[in-house]
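The values are calculated or read from the model by the stated rules, or taken from the named source; none is laboratory data. Fair warning: this is a prediction, and the values are worked out from it, not measured in the lab. In this analysis, Cβ positions are derived from the backbone assuming ideal geometry, glycine residues included, and neighbour counts consider all displayed protein chains. Please note that ligands, DNA and RNA were not included when accessible areas were found on the heavy atoms of the full protein model with its side chains. Shrake-Rupley method; radii C 1.70, N 1.55, O 1.52, S 1.80 Å.
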Amino acid sequence: MNFEEVIGYKFKNPKLLKTALTHSSYAHENGSKDYNEKVEYLGDAVLELISSEYIFKTYTKLSEGEMTKARAYTVCEESLADIANKYGFSDFLLVGKCESKVNNKYRASILADAVEAVIGAIYLDSGFEEAKNFILPNLLSRMEEFITGGNKDYKTQLQEILQANGDTKIEYKIVDSIGPEHNKLFVAEVYCDGKLLGTGKGKNKKEAEMEAARNAMNRGWNLWKVY
């Protein structure tokens, strides 16, 4: 099967699809200026609107802050990488030799960016509704997971674990930023009483902190050694 058959959408302009599936490393190695960063930028905005609209219309009892958390949880790097793996993006992406696969998959950041690029390409090719038809069904389970999880994001969950036996000092630090201004990736670390618990990356500082908390949660066996 080709990529269009896998995702269930046929492009009118095949060039848009090729651009969406071309990583900057491949373009640079082959002397091309045509890669997916710009269309990914557009796809990111379309994705945010799609998820925001659905959350607003569906979960009417959520506060503004809860809706923001639900959206962040739904469209984070982990969620988008899961979508990419569902459709086997790693088999279709054009990526430079400097990037290698692990278990036949590219890095989560490459996959997440590619999903946003494909959303942007579909939007340019056919408009908002077709972009929604592609992405929304893939977000529903993630949204429901957030709602049934008590609306607690990773930072909240981590705080509850660490402060279960009394007050502790939890601190998040933005330690680095990578990439151009229009597509910057932030790196965060989370500390408890001065001890590093986890690191994370995100397209904004809040997302990076959330990923750092998630990383700390996944390394939960270390948390109990904080005390």
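Residues whose amide H falls under 5 Å from that of residue 22, counting only those 5 or more places apart or on a different chain, are 36, 94, with hydrogens built in the peptide plane.
Using a simple charge model, +1 on the beta-carbon of Lys and Arg, -1 on the beta-carbon of Asp and Glu, nothing else, what dipole does region 1-110 show about its Cα centre, in debye to the nearest 20?
220 debye
Over region 16-91, the alpha carbon radius of gyration divided by the compact-protein estimate 2.2 N^0.38 Å works out to 1.38. The overall shape of region 118-215 is oblate: from the C-alpha gyration tensor, with semi-axes ordered a ≥ b ≥ c, the ratio a/c is 1.5 or greater and a/b is no larger than b/c. Taking a sphere under 9 Å around the Cβ of residue 19 and counting the other residues whose Cβ falls inside, with K and R at +1 and D and E at -1, yields a net charge of +2. Tell me the accessible surface of residue 35 in square angstrom (1.4 angstrom probe, heavy atoms of protein chains only), to the nearest ten. Probe radius 1.4 Å; accessible area of residue 35 about 60 Å².
To the nearest 20 debye, what is the magnitude of the charge dipole of the chain about its Cα centre, counting +1 on the Cβ of each Lys and Arg and -1 on the Cβ of each Asp and Glu? Could the numbers behind the result be given before it?
Values: 30 positive and 34 negative charges, 62 e Å.
In total the dipole reaches around 300 debye.
Here the spin labels are modelled as points 7 Å beyond Cα on the Cα-Cβ line, and at residue 38 and residue 100 they lie 3.4 nm apart.
Over region 98-227, with every protein chain in place, what whole percent of the accessible area is carbon and sulfur at 1.4 Å, could you tell me? The nonpolar share, carbon plus sulfur, comes to 48 percent. Across the chain, Cα-Cα distances exceeding 30 Å account for 29% of all pairs. Subtracting the Cα-Cα distance of residue 144 and residue 48 from their residue separation scaled by 0.36 nm leaves 32.9 nm.
Multiplying the sequence separation of residue 57 and residue 1 by 0.36 nm and subtracting their Cα-Cα distance, what value in nm do you get?
On the way: separation 56, 0.36 × 56 = 20.16 nm, distance 3.56 nm.
In short, 16.6 nm is gained.
Spin-label pair residue 184-residue 15: with each label point 7 Å from Cα along the Cα-Cβ axis, the two points sit 3.3 nm from one another. Amide H to amide H, with H built 1.01 Å from N, residue 198 comes under 5 Å of 190, counting only residues 5 or more places away or on other chains.
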